[in-house]
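The values are calculated or read from the model by the stated rules, or taken from the named source; none is laboratory data. Bear in mind the structure is a predicted one, so any value in this text is a computation, not a measurement. Glycine gets a Cβ as well: all are built from the backbone with ideal geometry, and neighbour counts include every protein chain shown.
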Amino acid sequence: MSKTKDHNFSQEAVPLSAKKGAISLTFIMLSLTFFSASMWAGGTLGTGLTFSNFFFALFIGNLLLGIYSATLGYIGAKTGFSTHLLARFSFGLKGSWLPSFLLSATQIGWFGVGLAMFAFPVSKATGLNEYLLIGLFGILMTITVAFEGIKALLYLSIIAVPAIGILGCYSVWIAVSDTGGINALIDITPTKPLSFSTALTIVVGSFISAGTLTADFVRFGKHARHVFIIIILSFLVGNSLMFIFGAAGAASVGQADISDVMIAQGLLIPAIIVLGLNIWTTNDNALYASGLGMSNITGLSSKTMSMMNGIIGTLCAVWLYNNFVGWLTFLSTAIPPIGGVIIADYFINKKHYQSLVNGSRRKVNWVAIIAVAIGIFCAKLLPGVVPINSVLGSAISYIIINSFERRIKVSRGLK
């Protein structure tokens, strides 16, 4: 497929003619941050934290997520490159295959898990075969993103964002009413107390993998500074609302699972429709991003790779649902350092990012690989918030090792 027909621009920078305005990007980012899994995570926090600690953890966590994701989004909008093309500059042409594979594997996994998360409750409610539902919705979700790309994400977002907002607000209203008012809801004692550091790790860790891929969605932005602000606000508003929706209902009924909460609130049918639409947008975001990653490795168009990834995710949905947690735990520590390296390299070598040719001169940058390994080490062994430790560990070590490498080259008379 020629580049002129690849409307996802998987192998080149997004041209000015394809750039989009702030309103379109706002809907796309809100659909990304209106993440169903955040409602489940919010349910965990709602049953484990006091009112004040919940909102403090939510604000700090989403602020950290917003800054991290907005920085990557700014770089994507400034250069027009996807996360995977940006990785070529810091990891090398073939070295970028490692982050592309890890990021794509995560998103294929989320696609399969999302299918199962939707199909199982629908099967229970309707009596339809769960495998039939997984196959049907897997095909539909794959088709929408494969043939429409970023446009499909925008169209679905315009519908899904208001819908999930209305359902979430109604669920909160029911929770407040059922507990006897807002003061009674605030005074509920946590049934499964969480430490503040654990809560912060849940807020940050639940989304940082997707946050690493922010550049894939906002590289279409006309103004990088506007993109930065949109992303910050999307996390502070969008992702925070999803946590609040999940936490309020969970605190009122004493269950963390958002499906159980909405069934208890008598919202089964609206939940199936609206949460299904929300999962659809989440899955299409995942499939779109995974297609870009595999395109970087194979050289095939992202449309082709999105379709292949959709088939894989659909066929493996049940297995992924049952076994993905362990793999996701590993990826949650392995992926944030990738973003740290990309950010560090961009601000060190900003002038190189004017042309993709500069991102193809080295096959593998071992400094980047080592920095990722150090980031994983920091995540595993240092106290604090695991994803933040991994990002800072990789970024700081990359800057230090890169500086040391340059000094050695200078001393040896090398460029």
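So, in the range 28-49, exactly how many residues are of a type in the set (Phe, Trp, Tyr) and either over 18 Å from the mean Cα position of the chain (by Cα) or surrounded by 24 or more Cβ atoms within 10 Å (Cβ to Cβ) (or both)? Talk me through it step by step, then tell me what you get.
Just the residues of the range 28-49 that are of a type in the set (Phe, Trp, Tyr), to begin with: 34-35, 40.
When the remaining residues are screened for being either over 18 Å from the mean Cα position of the chain (by Cα) or surrounded by 24 or more Cβ atoms within 10 Å (Cβ to Cβ) (or both), the result is 34-35.
The number of residues fulfilling the criteria is 2.
Go through (1) in a helix (DSSP H, G or I); (2) modelled with pLDDT of 80 or more; (3) more than 30 Å from Ile23 (Cα to Cα) for Leu128 and report which single condition fails.
(1)
Can you name the residue in the range 91-129 that is over 17 Å from the mean Cα position of the chain (by Cα) and among the aromatic types (Phe, Trp, Tyr) and, of all such residues, is surrounded by the most Cβ atoms within 10 Å (Cβ to Cβ)?
Result: Phe91.
Arg225 versus (1) assigned to a helix (DSSP H, G or I); (2) closer than 30 Å to Val253 by Cβ: which is the lone unmet condition?
Exception for Arg225: condition (2).
Test Phe118 against the stated conditions and say whether it is closer than 30 Å to Gly299 by Cα and of a type in the set (Phe, Trp, Tyr).
Here the answer is no, as Phe118 does not meet what is asked.
From the set of residues in the range 288-316 that are of a type in the set (A, V, I, L, M, F, W, C), out of contact with any Leu (no Cβ under 9 Å at 6 or more places or on another chain) and closer than 23 Å to Leu93 by Cα, which is modelled with the highest pLDDT?
The residue in question is Ile297.
Which residue, of Ser52, Ser17, Ser82, Ser24, is on the phi < 0 side of the Ramachandran plot and surrounded by 24 or more Cβ atoms within 10 Å (Cβ to Cβ)?
That would be Ser82, the only listed residue that is on the phi < 0 side of the Ramachandran plot and surrounded by 24 or more Cβ atoms within 10 Å (Cβ to Cβ).
Rundown of residues vs (1) of a type outside the set (S, T, N, Q); (2) touching a helix residue (DSSP H, G or I) at 6+ places or on another chain (Cβ under 8 Å); (3) more than 18 Å from Ala215 (Cα to Cα); (4) assigned to a helix (DSSP H, G or I), yes/no style:
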site: Ala70; (1), (2), (3), (4): yes, yes, no, yes
site: Gly73; (1), (2), (3), (4): yes, yes, no, yes
site: Leu85; (1), (2), (3), (4): yes, yes, no, yes
site: Gly95; (1), (2), (3), (4): yes, yes, yes, no
site: Pro99; (1), (2), (3), (4): yes, yes, no, yes
site: Gln107; (1), (2), (3), (4): no, yes, no, yes
site: Gly112; (1), (2), (3), (4): yes, yes, yes, yes
site: Met117; (1), (2), (3), (4): yes, yes, yes, yes
site: Pro121; (1), (2), (3), (4): yes, yes, yes, yes
